[in-house]
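Structure, as structure tokens:
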Amino acid sequence: MDKLKILKKHVKGALFWGSFEAIAFRALLLTHQLMLFWTVDKAFYGLQGTVFASIFLMVNLLNGSLCSALTSIFTKMNASKKNFNYVLKYYVATQTAILFFGTLLIGFLLQYFSLSLALKELITPFWIFSLAFFIASEGTKKNLRAILHLAFKNKVTAQVEVAFVTVYICIIWLLYFIGLKFSLPLLIFPFLFLSFGVNLFLLSQLFAYYATLSDSSCEKERILQKDFLINRTFLYINEIGRSFFSSNFLLPFFAYSSGFVQAGLASCINELTYSMSFFVQKVFGPSGAALFANTKNLCFKTKQAAFSYINQKCLYVIGSLIVLFILNTPQLFLLRFGSQSVHT
């Protein structure tokens, strides 16, 4: 139980920094999106929303659920420098290559499909390579963050993520206020360069953590590979199913069927309604995964206590959100029916 007490202390810190990241990141991004919605043409807003949604859909599909599968092998990965290095080299680095070359392949295949004129402008060698670097960078960042979360380095990831979105928004709007018009290059390339910078910082943090691991080798790489492949297969099947019901898929589909203006309205509504689920996912996803990964080799009673602990914390938050919704339901009805009475 002493081990569980230590883990609970780590989880409390992870929950705090996860909450900080979720609130700050979402508030900054939502402010940026609302300002952008009221500043640019609605068709362009729909176009940029479609492009970013497509990019992050590609990240999820081409990443093959690596970030989630790492949870099942973290204790073995964490056992020695040799195992840690093996996972970084053969899983994370290999996945970066898959993300890059997979995007190139899909990009060149899209040249044979009928797309809108605005999207056809992105199906050029320059844009295909640029988006390949973008998707590879974001996928790599997702995997590096997952490892740091499992090591309870949530403070580092939260601070760098909030700094990333803050600097990005400042750059975008500074360039706009000095006279540049909003365009896809203006929105995409600062994001890409900052993403590379974040990856370099995350790698430096991983190397610092790597230096604290044992030099001895007590696990064989083939055991890591076996556990990894089994879990990853099932996780990826689940990821594919979820992706087709996510906004990253539905928004491009909506843009294709209804046009960019309607897609822009859908994108803005999604930004407003996604905040609650984003908070729960950001706070309890990484923290819960880290807790379960670090209790994998402990006794059943300790695992049960760990599950009860994180489940209780999660239920408190969900219960609070439900109460908040119920308390505001009368105001929502008044807003809805009051507006109808005004028009009648």
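Rounded to the nearest 10 Å², what accessible area does Ile98 have for a 1.4 Å probe in the complete protein model?
The value for Ile98 is about 80 Å².
What whole-number distance in Å separates the alpha-carbon centres of region 41-103 and region 167-212?
Between the Cα centre of region 41-103 and that of region 167-212, the gap is 18 Å.
Could you tell me how many degrees, from 0 to 90 and to the nearest 10, lie between the Cα long axis of helix 184-210 and the main elongation axis, the longest principal axis, of the Cα atoms of the chain?
10 degrees
Return the long-range amide H neighbours of Ser65 (sequence gap of 5 or more, or a different chain), with a cut-off of under 5 Å between placed amide H atoms.
Here nothing satisfies the definition.
With n ≥ 4 as the cut-off for DSSP H runs, can you work out [θ] at 222 nm for the chain, using -39500 (n - 2.57) per run divided by the number of residues, rounded to the nearest 500?
Helix-only estimate at 222 nm: -29000 deg cm²/dmol.
With axes computed from alpha carbons, what is the tilt in degrees of helix 260-273 against the longest principal axis of the chain, rounded to the nearest 10 within 0 to 90?
50 degrees
So for Cys314, Cys299, what's the accessible-area order with a 1.4 Å probe, most first?
Highest to lowest solvent-accessible surface, that is Cys299, Cys314.
Rounded, prolate or oblate for region 1-113? Axes are the square roots of the Cα gyration tensor eigenvalues, ordered a ≥ b ≥ c, and the cut-off for rounded is a/c under 1.5.
On the way: a/c = 4.19, a/b = 1.33, b/c = 3.14.
Oblate.
Taking the Cα atoms only, what angle lies between the long axis of helix 2-39 and the longest principal axis of the chain, rounded to 10 degrees?
10 degrees
Hey, what did the chain get for relative contact order, percent, Cα under 8 Å, at least 6 apart?
Computed value for the chain: 37 percent relative contact order.
In the neighborhood of Leu70, defined by Cβ-to-Cβ distances under 13 Å, what is the net charge if each Lys or Arg adds +1 and each Asp or Glu adds -1?
Its environment carries a net charge of +4.
For region 293-304, what does the Karplus curve 6.51 cos²θ - 1.76 cosθ + 1.60, with θ = phi - 60°, yield as ³J(HN,Hα) per residue in whole Hz, taken in order and with x for Gly and Pro?
Going residue by residue, I get 5, 7, 9, 4, 9, 8, 5, 4, 4, 5, 4, 4 Hz, with x marking Gly and Pro.
Output the pairs from Lys8/Lys155; Lys3/Lys301; Lys3/Lys89; Lys42/Lys181; Lys226/Lys301; Lys81/Lys282 with a Cα-Cα distance over 19 Å in this structure; if there are none, say none.
Numbers: Lys8/Lys155 16 Å; Lys3/Lys301 12 Å; Lys3/Lys89 30 Å; Lys42/Lys181 14 Å; Lys226/Lys301 27 Å; Lys81/Lys282 29 Å.
As for pairs spanning more than 19 Å Cα to Cα, those are Lys3/Lys89; Lys226/Lys301; Lys81/Lys282.
The values are calculated or read from the model by the stated rules, or taken from the named source; none is laboratory data. Predicted model, so just to flag it, every value in this text is computed and none were measured. Ideal geometry is used to build each Cβ from the backbone, glycine not excepted, and the neighbour counts take in all protein chains shown. Side chains are part of the model used for accessible areas, which takes the heavy atoms of the whole protein and leaves out ligands, DNA and RNA. Shrake-Rupley method; radii C 1.70, N 1.55, O 1.52, S 1.80 Å.
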